[in-house]
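What follows is a set of notes on a single structure, which appears directly below.
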Amino acid sequence: MSETTQPKSADKKSAIRTRLHGVDLLFNSRLNKGTAFTEDERDVFGLHGLLPPHIGTLEDQRQRRKRVLDSRDSAFGKYSNMRDLQDNDETLFYSMIEHYTEELLPVVYTPAVGEGCQRFSEIWRRPRGLFISYPNRHRIDQILSDTRYDDVRCIVVSDGERILGLGDQGAGGMGIPIGKMALYTALGGIPPEHCLPILLDAGTDNEKLLNDPIYIGWQHNRVRGQEYDDFVEAFVTAVQKRWPRILLQWEDFAGTNAARLLERYRDRLCTFNDDIQGTAAVTTATLLAAVNATGVPLSQQTIAMFGAGSAGIGIIELLITAMKEEGLNDEQAWSRIYGFNRYGLLVEGARGIKASQQPLVRKRADIAGWQLTDGEDVSLFDVVRNAKVTVLAGVSAQAGAFTEEIVREMARHTERPIVFPLSNPTSQAEATPTDLLRWTDGRALVGTGSPFPPVEIEGRPVRISQVNNSFIFPGLALGILVAEAQRVTDGMIMVAARTLAGLSPSRTDKTAPLLPPIGDSRKVALVVSEAVARQAMAEGVATITDADSLPNRIRSYMWDAVYVPYERIVS
């Protein structure tokens with residue numbers, strides 16, 4: 001028998017009925033209201049003496065928590081404080097993010113979550129989500145069977161091997177699914193009880209963690225090959241059995257696994273990889289906004305993609321689709337893009353070319369007659385100078401890779417250079433907005449993967465657009481869930497990108513930022529979700545077929561971070 005009965009989405013203000021009482025109620029983060037429990041509720045639920053006498057409001061609590069946050073002098077201190085709040089009072093946690101989105105998004109997610117993952121073992125106190133370790137692979141069905149997970153509709157899962165630009169963080173990678181799921185709720189309005197973060201602990205090859213006595217994960221080298229694949233297969237099979245209509249998001253898997261796992265499972269269940277498809281969508285959206293500001297169509301841009309891992313390839317493939325929609329054929333579209341690995345341009349005979357990068361490999365004839373700085377590798381500077389690159393995007397995690405020499409060369413032949421240093425956290429960015437605008441005399445159109453402060457240009461502050469996946473995945477997930485989509489199609493990813501591009505402030509003012517303010521993320525998610533749901537219907541992958549009802553369905557499904565009355569179930 002359920003301990004608690006949640007109100008239906010369409011009746012958000014109705015009371016929550018629960019059997020929990022006293023400290024059990026206060027220790028339930030989903031239900032705890034702290035000092036906001038009313039006098040009557042304190043009588044009914046036996047809370048007198050367990051709470052201080054002051055009866056407050058959600059607004060009072062936000063002010064108190066904000067004062068505490070402001071007193072923390074480090075991003076990690078703020079991150080740790082917000083994690084504690086989430087484990088104590090989820091309604092207040094989400095209310096804080098909704099009211100202080102621009103300030104708190106970098107705290108609960110990138111860039112602060114990076115250090116949060118590195119130091120996860122230090123701050124882990126209470127269970128949140130599920131750790132499914134390789135030694136427990138035969139217990140997956142049992143782990144998922146708990147009735148508390150009956151309402152789960154979406155999962156974010158990571159194996160912790162490629163956390164942001166920080167590499168293998170093992171079980172500490174759980175900070176990423178927790179953070180992503182928090183944004184599903186705070187920005188997408190998806191009810192917290194529908195969200196489940198999961199960490200697949202297949203070990204770690206991080207020597208520091210293997211030798212750290214306080215590390216909370218499985219201290220064993222990573223399982224690889226068929227054993228790893230069997231582990232993932234056992235997980236997916238158990239998830240499908242437990243929740244046949246689940247939305248499963250893959251997050252921060254290493255490049256060697258990310259693309260192939262997506263390919264293996266995308267036609268088996270409703271699933272997407274945010275590092276590949278979410279990054280591609282938000283980058284494409286930002287680039288579409290930028291080319292609108294330049295007046296030069298995407299099909300006429302020359303693009304250098306610095307970094308051709310799973311994220312870089314995902315971006316390129318979506319850009320190819322967008323170019324073909326503008327009239328280019330396949331060969332013409334691919335000819336507009338230059339891809340790079342750690343050694344240089346992907347060209348015949350180059351070092352370190354992977355099978356997944358083969359479509360990007362250019363013929364030697366393409367660079368015949370070029371003036372090169374190095375006889376062996378073709379550098380980014382070489383390509384910028386010889387190919388007259390107009391768009392430069394980085395997903396390399398190589399801090400400072402976009403040098404002054406490269407950017408100034410680009411600005412010599414391009415009136416409005418488009419430069420996206422997308423790597424995060426901030427310490428891994430290929431360049432800073434201040435430098436990019438200084439080197440281009442303020443002409444560059446800049447979007448960054450991590451948050452940066454405004455840059456002063458000619459005496460006025462210029463907001464830097466953050467090319468953040470949070471503009472995409474909350475709305476994408478919301479649209480999928482409301483439409484009851486059975487699959488995530490390429491068309492749904494593209495329509496999310498084009499919808500975001502259509503919300504660009506630069507559409508009406510070509511000097512304005514390329515993307516809306518981060519503070520508008522929840523509004524963006526609402527618009528993106530409807531577009532995604534309609535696309536799912538158009539492609540025949542949605543269970544819901546009444547398009548006219550979509551706006552009401554979305555709004556009635558979205559959860560609001562407000563306290564509602566409680567009634568006690570007595571039996």
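Only one entry of ALA186, ALA254, ALA171 meets the criterion of being aliphatic (A, V, I, L, M) and surrounded by fewer than 24 Cβ atoms within 10 Å (Cβ to Cβ), and that entry is ALA254. Beta carbons closer than 6 Å, at least 6 apart along the sequence or on distinct chains, pair a first residue in region 494-514 that is without any contact (Cβ under 8 Å) to a residue 24 or more places away in the chain with a second that is open to solvent by 10 Å² or more (accessible area, probe 1.4 Å) and outside any loop (DSSP other than H, G, I, E, B) for ALA512/PRO505. Where strands (runs of 3 or more DSSP E) fall entirely within region 253-346, those with at least 2 residues that are under 18 Å from LEU392 (Cβ atoms) are at 303-306, 337-340. Is region 487-498 home to any residue that is of a type outside the set (Gly, Ala, Ser) and more than 24 Å from MET323 (Cβ to Cβ)? Yes, that holds for at least one residue. State which residue is farthest from THR286 (Cα to Cα) when the search covers only region 514-571 and only residues that are small (Gly, Ala, Ser) and surrounded by fewer than 18 Cβ atoms within 10 Å (Cβ to Cβ). The residue in question is SER571. Would you be able to say whether some residue in region 371-393 is under 21 Å from the mean Cα position of the chain (by Cα) and not basic (Lys, Arg)? The answer is yes, given that some residue of region 371-393 is under 21 Å from the mean Cα position of the chain (by Cα) and not basic (Lys, Arg). Pairs are defined by a Cβ separation below 9 Å, a sequence spacing of at least 6 or placement on different chains, a first member in region 468-484 that is under 17 Å from LEU550 (Cβ atoms), and a second member that is among the hydroxyl-bearing types (Ser, Thr, Tyr) and open to solvent by 10 Å² or more (accessible area, probe 1.4 Å); the pairs so defined are GLY475/THR499; LEU478/TYR557; LEU481/TYR557; VAL482/TYR557; ALA483/THR543; GLU484/THR543. Scanning region 379-397 for residues that are free of Cβ contacts under 8 Å to residues at least 60 places away in the same chain, in contact with an Asp or Glu (Cβ under 9 Å, 6 or more places away or on another chain) and either open to solvent by 10 Å² or more (accessible area, probe 1.4 Å) or in a loop (DSSP other than H, G, I, E, B) (or both) gives PHE381, ARG385. It is to be established whether one or more residues within region 418-425 are assigned to a helix (DSSP H, G or I) and open to solvent by less than 30 Å² (accessible area, probe 1.4 Å). Within region 418-425, none of the residues are assigned to a helix (DSSP H, G or I) and open to solvent by less than 30 Å² (accessible area, probe 1.4 Å). For region 11-28, the tally of residues that are out of contact with any strand residue (DSSP E or B) (no Cβ under 9 Å at 6 or more places or on another chain) and open to solvent by 20 Å² or more (accessible area, probe 1.4 Å) stands at 7.
Scanning region 29-62 for residues that are more than 30 Å from THR101 (Cβ to Cβ) and among the aliphatic types (A, V, I, L, M), we see that the one that is surrounded by the most Cβ atoms within 10 Å (Cβ to Cβ) is LEU47.
Please determine whether any residue of region 306-319 is over 22 Å from GLY165 (Cβ atoms), surrounded by fewer than 22 Cβ atoms within 10 Å (Cβ to Cβ) and either free of Cβ contacts under 8 Å to residues at least 40 places away in the same chain or aliphatic (A, V, I, L, M) (or both). There is no residue in region 306-319 that is over 22 Å from GLY165 (Cβ atoms), surrounded by fewer than 22 Cβ atoms within 10 Å (Cβ to Cβ) and either free of Cβ contacts under 8 Å to residues at least 40 places away in the same chain or aliphatic (A, V, I, L, M) (or both). Of the residues making up region 537-545, none is closer than 21 Å to THR110 by Cβ, of a type outside the set (D, E, K, R) and touching a helix residue (DSSP H, G or I) at 6+ places or on another chain (Cβ under 9 Å). Please find, within region 113-161, the residue that is most open to solvent (accessible area, probe 1.4 Å) out of those that are in a helix (DSSP H, G or I) and of a type in the set (Val, Ile, Thr). Going through the qualifying residues, I end up with THR147. When the test is whether a residue is more than 28 Å from TYR338 (Cβ to Cβ), touching a Phe, Trp or Tyr at 6+ places or on another chain (Cβ under 6 Å) and at pLDDT 95 or above, THR237 does not pass it. Only one of the numbered conditions (1) closer than 28 Å to PRO213 by Cβ; (2) hydrophobic (A, V, I, L, M, F, W, C); (3) in contact with a helix residue (DSSP H, G or I) (Cβ under 7 Å, 6 or more places away or on another chain); (4) in a helix (DSSP H, G or I) is violated by LEU85, and that is (1). Quick check, is SER356 under 25 Å from ARG162 (Cα atoms), in contact (Cβ under 8 Å) with a residue 24 or more places away in the chain and either open to solvent by 40 Å² or more (accessible area, probe 1.4 Å) or part of a helix (DSSP H, G or I) (or both)? Here the answer is yes, as SER356 does meet what is asked. Picking from residues in region 430-456 that are open to solvent by 30 Å² or more (accessible area, probe 1.4 Å) and either in a loop (DSSP other than H, G, I, E, B) or hydrophobic (A, V, I, L, M, F, W, C) (or both), the one that is nearest to ASN292 (Cα to Cα) is ARG443.
The single condition among (1) at positive phi; (2) surrounded by 22 or more Cβ atoms within 10 Å (Cβ to Cβ) that TYR79 does not satisfy is (1). Residues that are small (Gly, Ala, Ser) number at least 2 in the following helices (runs of 4 or more DSSP H) confined to region 472-571: 473-483, 490-502, 521-538.
Every condition in (1) in a loop (DSSP other than H, G, I, E, B); (2) more than 14 Å from the chain's Cα centre (by Cα) is met by GLY165 except one, and the failing one is (2). When region 457-468 is filtered for residues that are open to solvent by 40 Å² or more (accessible area, probe 1.4 Å) and outside any strand (DSSP E or B), the ones remaining, listed by number, are GLU458, GLY459, ARG463. If a residue must be open to solvent by less than 10 Å² (accessible area, probe 1.4 Å) and in contact (Cβ under 8 Å) with a residue 60 or more places away in the chain, how many such residues does region 398-417 contain? Residues meeting the conditions: 1.
The values are calculated or read from the model by the stated rules, or taken from the named source; none is laboratory data. Note that this is a predicted model, so its numbers are computed, not measured. Because the Cβ atoms are built from the backbone with ideal geometry, glycine has one as well, and the counts that use them run over all protein chains shown. The area values use the complete protein model at the heavy-atom level, side chains included, leaving out ligands, DNA and RNA. Shrake-Rupley method; radii C 1.70, N 1.55, O 1.52, S 1.80 Å.
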